[in-house]
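Student: I am attaching a structure below and will ask some questions about it afterwards.
The values are calculated or read from the model by the stated rules, or taken from the named source; none is laboratory data. Keep in mind that what you see is a predicted model, and the values were worked out from it rather than measured. Methodologically, a virtual Cβ is constructed for each residue, glycine included, from the backbone with ideal geometry; neighbour enumeration extends over all protein chains shown.
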C-alpha cells in the first residue's frame, strides 16, 4: 500500500479544509439547527455554499455532477468535511443520502436515476432508507424483516412499520426494504408524498446532526409500480451489502474529522489552562490522554485507509469493513470522551462544540450494526462456523 497522497488530492483536501473553516464552522450556532438536525432551510444554505465552492456531492460520478472520488479519496475529503458538525450536510455526504447515492448509482435504472438520483446529487432533494423496524421486526438481524410486499397486477402492495428512519421527515423519496411472499427481500423506490405513506412521529434522540432526525413510518396498502423496484426482485439483502459496507466506512471517515476537531480544542485548552502551577498539558494525567488521542486517531485513520484501498481494488472487504467500523467507532469515541474530561466543566456545556460531538457520536457504536453484531459476524468468519 502506498500511503502517499497525490498532489491533486492534497489540493482538494486543503480546499475542503479551508472551505469548512471559513464558511461552515461559523454557521454551527445557526438557530435553524434544531434538536432533529439542520432545518431544510439551513441545509439548502449550506449546500449552496458547497455548490459555489465546487465541493458538492464529491463522491458521485462526474457524469452525474460529482467529483468521482474513489474510496481512498473519500477518506481524505470526508474527514475534512467532518471537522464541522455541519460539514457533511454542506457537501451532501451525510447519512443516509451518501449511502443511497452510492446504491442508486450502482443499481438503479436510467429512468430511476433521472427521476430520483440527479436532483439528489444536485443537492435539491434528500432521501431516506427504510429498513429498521420495531420488535419483532428487523433490527440488527435483517432476516426478521416484517414489512411485506405482495404483487397485485402491475403493482406491489406494501404494509408495515419502520422506525429509526434517519431523514424521513422532509425526504423526497424513500428506499423501502420489504419481504416478499417467498421470504426473500426486495428494495422499492417511492416518492414520499405517495398515498399510503405516513411519517407518524419524530423520535427524540441524543444526536442533532442528521437533517430530518429519526422517524417512525407506516405503510398502509402502499401501491408501488413494478417499474419502481430497485434492482431485481428478491435481491434486497444483496443490495443492502452493496450499500452498507461502504457506508460503514464513510461513517468512520466523517466521525474521524469530528474526533480530530475535539482533540484540537482539548489540546489548545491544555496548553493555555493553568492548574497547580503549570499548564494542564504538562500534567502527565492530561498529557497521556492527549497522547492516547493521537494514537487512537491514527489507528482509526489507518483502518479507514486500508479498507478503502481494498474496496478500490474491487474487493468486497465486508470483514474489513466490520473491523474498521468497530475499531473506528470505539477509538473515536475514546478520543471524544477524553476531550470532555480534559475540558472539565467546559466539556459538559455548550461553551465548546465538544459536548455536541459527544452526544452525536455515541450512537455510532449502534447504528449500521451494533459493534457486538460485527464482532459476532467476524468471529463466525474467523472460526468458519
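Student: Quick check on residue 88: is it buried (at least 23 other Cβ atoms within 10 Å of the Cβ) and in contact with a strand residue (DSSP E or B) (Cβ under 6 Å, 6 or more places away or on another chain)?
Tutor: Spelling it out, it is not the case that residue 88 is buried (at least 23 other Cβ atoms within 10 Å of the Cβ) and in contact with a strand residue (DSSP E or B) (Cβ under 6 Å, 6 or more places away or on another chain).
Student: Only one of 106, 73, 111 is assigned by TED's automatic domain parsing to the domain that holds residue 37, in contact with a helix residue (DSSP H, G or I) (Cβ under 9 Å, 6 or more places away or on another chain) and either within 24 Å of residue 308 (Cβ to Cβ) or surrounded by fewer than 17 Cβ atoms within 10 Å (Cβ to Cβ) (or both). Can you tell me which?
Tutor: None of the others qualify; the one that does is 73.
Student: Sort out which residues of the range 312-343 are surrounded by fewer than 20 Cβ atoms within 10 Å (Cβ to Cβ) and either over 28 Å from residue 287 (Cβ atoms) or free of Cβ contacts under 8 Å to residues at least 12 places away in the same chain (or both), and write them in order of number.
Tutor: 312, 313, 314, 315, 316, 318, 319, 323
Student: Hey, another quick one. Kindly check whether there is at least one residue in the range 133-142 that is within 18 Å of the chain's Cα centre (by Cα) and in a loop (DSSP other than H, G, I, E, B).
Tutor: Yes - at least one qualifying residue is present in the range 133-142.
Student: Moving to a separate point now. Anything in the range 337-366 that is over 24 Å from residue 274 (Cβ atoms) and in contact with a helix residue (DSSP H, G or I) (Cβ under 8 Å, 6 or more places away or on another chain)? List them, or say none.
Tutor: The answer is 357, 358, 360, 361, 362, 364, 365.
Student: Considering only residues that are over 17 Å from the mean Cα position of the chain (by Cα) and under 18 Å from residue 254 (Cβ atoms), look in the range 54-70 and name the one that is surrounded by the fewest Cβ atoms within 10 Å (Cβ to Cβ).
Tutor: Among those residues, the one meeting the criterion is 67.
Student: Residue 295 - would you say it is out of contact with any strand residue (DSSP E or B) (no Cβ under 9 Å at 6 or more places or on another chain), crowded, with 22+ Cβ neighbours inside 10 Å, modelled with pLDDT of 95 or more and outside the structural domain of residue 76 (by TED's automatic domain parsing)?
Tutor: no
Student: Looking at (1) in contact (Cβ under 8 Å) with a residue 60 or more places away in the chain; (2) surrounded by fewer than 20 Cβ atoms within 10 Å (Cβ to Cβ), which is the only condition residue 45 fails?
Tutor: Checking residue 45 against (1) in contact (Cβ under 8 Å) with a residue 60 or more places away in the chain; (2) surrounded by fewer than 20 Cβ atoms within 10 Å (Cβ to Cβ), the one that fails is (1).
The rows are residues; the columns are (1) within 26 Å of residue 89 (Cα to Cα); (2) surrounded by 15 or more Cβ atoms within 10 Å (Cβ to Cβ); (3) without any contact (Cβ under 8 Å) to a residue 24 or more places away in the chain.
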| site | (1), (2), (3) |
| --- | --- |
| 169 | yes, yes, no |
| 181 | no, no, no |
| 189 | yes, yes, no |
| 224 | no, yes, no |
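Student: Given 352, 307, which one is buried (at least 19 other Cβ atoms within 10 Å of the Cβ) and closer than 26 Å to residue 72 by Cα?
Tutor: Every option except 307 fails the conditions.
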